[in-house]
Structures are given as structure tokens and as C-alpha cells.
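A quick write-up on the structure given underneath.
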Amino acid sequence: MNARTLPPEVSIRIERMTGAMGARVFGIDLRQPLTDEQRGAIQAAFDEHLLLTFPGQEALSPEEHLRFSENFGPHQDLPHIPLVDGYPQLQKVFAETTHVKGQVAGQNWHSDSTFLPAPPLGVAMRAVELPEYGGDTSFVNMCLVFETLSPALQQMLSGMKAVHSATKLFGAASKERAVQVNMRENIKEGVGDKEQLHPVVRTHPRTGRKGLFVNKVYTQRFEGWTAEESAPLLQYLYSLFDKPEFGARISWHTNMMLMWDNRFTQHRAIFDYAGQRRLLVRTTIQGETPA
Ligand code: SIN
């Protein structure tokens, strides 16, 4: 979509970001409630580009941030992401000056919380405090990754399921880590090790586009395969995520809102700012059962 395809009463301008994914949205003040036309235009751009930024925004209050996100679905609580004091629907992504690499969340390619039966549809996030340099987030379009596989591999993966869990992040397997990742305190016992089956390929419920749905952080193995048997194929698929032509890299600004589709993209945080603080605040939009 570009600005020319929008109805004349919508003054939004949408600029594509890269050939793979993403668009920048101009002409909306997110502190105000969205009109039906604005909401429809953002939804259409989100369906198509899977990653939207809204540059040039004034700082949103917690209430405005949540109201914006609820245009696209109800809030989803996650068991492990720290919360903003006084706002249980706002989640915090942060690094302190003392944090070392292993403590900072999100550095491996992942989509959020695929250990849940209905992982998030999307996330709306804005930066509050940024390091002087670095701290970008990279995204990859999982539809594009799937579409570039050979038809035979596409067909095989389309009939498969995979087992997901958070064991390596905050379950039993996380005990082997030298340092623990920065997580919410008092995560309920057992949540990290509960296994969840999801299709390896899922279909976008609005566009019908198919995307690969396995990730380094939560996918343990293919259903019916051992972890050892699964590893080579999973590693091959993960190796594709680093191809720059499948993705987009976002440099944060405190005046920007970002919204990503968590079902059909993956992301990773780049920790290249040791010794500096970084704080982002996010809302999570409830997802459907993958199918
Ligand atoms: C996340 O993985 O949710 C956070 C991404 C980031 O810190 O850039």
C-alpha cells in the first residue's frame, strides 16, 4: 500500500522501509483516539508490512499507549516480562549499566512467548531511555523466509508440528546458564517447562500468507523427532534469518512508536551498548491459536 491507495479523507502517509518488510507511518498523532479510517489504514499496512514505525510522536502516557494498542486486540499478559510500576498492562524491556551480555533479554532471534497456547499477535513498543549509540532491534519476515524455501521442503514443513517451551529461558534448562536473563520476579513454578505444540507453518488469518513458525529461543524439537534429529534442520532454517534481504533493522528514537507482528516476524535485540542504560515500554496484543 502507498498513500495513493488510501481514501482522500485519510491523511496518512505510508513509506515502505525495505524490500522485505516494514513501513513508516506519518500523519497520525497517537496521543489521540484513532478514527475508523486511521485504524483501518494502519491495520491494512500492518497486515501487509508486518512491522510499522510511527516516527515524530510526542511521548505517550501509559493510558494513550494502551489505548493505541487495544485498537488491534486486547492486552495479553505474559508470565515473565517485568512490568512498569503501577501499570500491570505495560511491560518493561531494560538494561542497566551493570548488565552483561547474558542478562539482557531478546538477543537471539525469536518471536515472543511461543511457549504459550496462543502467543501474542503483536507488540507496540516505544523507547523511554536510549544509550548514546547502539541498541537497535533487527526483524526478519517469516513469510518471506518460508516463501523462499523449495516447494518440497515447504510441503514437508507444512505437515509438521514443533514442541515449544521456555525451559532454556526460565525453566529447568536455564539453570545451566552462567547468568540469568533479566526476567519478572516470582514467575509461577512450572510455566517455564510446560511444553506446547504448534504448527511449523502457520497461516495469516487476514491475508492467507504462510509463515515459518519455529524459533531459537523456544522451539525444542519437531513433534515425533528427537532433539538431536531436529537440530540440523532447525539450524538450517535459523541460518536463513540472518540474510539481510529478509529483514529490517530499526534504530530507536524516543519519539517513535513501533509495532510488530509477532506471528509472522522474529526479532533480536542487539546488545552493543554495554555500560549504558536502555529502557523501552511495550504493550502486548493477544494472539490466536496458531493454525
Ligand atoms: C524483545 O525481545 O521483546 C525486546 C527487543 C529489544 O530489546 O529490542
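Just so you know, all these numbers are worked out from the coordinates, no wet-lab data involved. Predicted, not measured: the structure shown is a model, and the values here were computed from it. As a convention, Cβ positions derive from the backbone with ideal geometry for all residues, glycine included, and neighbour counts pool all protein chains shown.
Points 7 angstrom from Cα along the Cβ direction at Lys175 and Leu197: gap in nanometres?
It works out to 2.8 nm between the two label points.
GluC sites (Glu not before Pro) within the range 1-104: which are DSSP loop residues with at most 13 other Cβ atoms inside 10 Å?
Of the GluC sites (Glu not before Pro), the ones in loops of the range 1-104 whose Cβ has at most 13 other Cβ atoms within 10 Å are Glu9, Glu58, Glu96.
Okay, which of the range 176-201 sit inside 16 Å, backbone N to the point 7 Å along the Cα-Cβ direction of Asp85?
185
Could you work out how far apart the two model spin labels at His204 and Glu63 are, taking each label as a point 7 Å from the Cα in the direction of the beta carbon, and quote it in nm?
Modelled inter-label distance: 3.5 nm.
Looking only at chymotrypsin sites (Phe, Trp or Tyr not before Pro) in DSSP loops with at most 15 other Cβ atoms within 10 Å, what is the longest site-free stretch of the chain?
Longest site-free region, per DSSP loop and neighbour criteria: 1-132.
At q = 0.10, 0.14 Å⁻¹, what log₁₀ I(q)/I(0) does the range 3-285 have when each alpha carbon counts as one equal point scatterer in the Debye sum?
Rounded to two decimals, the profile gives -0.52, -1.06.
With +1 on each Lys and Arg Cβ and -1 on each Asp and Glu Cβ, and nothing else charged, work out how big the dipole of the chain is about its Cα centre, in Debye to the nearest 20.
380
Looking at the range 163-206, which trypsin sites (Lys or Arg not before Pro) are in a loop (DSSP not H, G, I, E or B) and have at most 11 other Cβ atoms within 10 Å?
The qualifying sites are Lys188, Arg206.
Report the FRET efficiency, 1/(1 + (r/R0)^6), for Glu70 and Glu129, where r is their Cβ-Cβ distance and R0 is 30 Å, rounded to 0.05.
0.75
Mind listing which trypsin sites (Lys or Arg not before Pro) in the range 1-105 are in a DSSP loop and have 15 or fewer other Cβ atoms within 10 Å?
Arg31
Which length gain, in nm to one decimal place, applies between Thr226 and Arg39 when the Cα-Cα distance is subtracted from 0.36 nm times their residue separation?
So the chain would gain 62.8 nm between Thr226 and Arg39.
Distance in nm between label sites at Met156 and Phe26, each 7 Å beyond Cα in the beta-carbon direction?
4.7
Sort Asp261, Asp272 so that the residue with the fewest other Cβ atoms within 10 Å of its own Cβ comes first and the one with the most comes last.
Asp272, Asp261
Could you put Ser11, Ser111 in order, starting from the residue whose Cβ has the fewest other Cβ atoms within 10 Å?
So the residues, fewest neighbours to most, are Ser11, Ser111.
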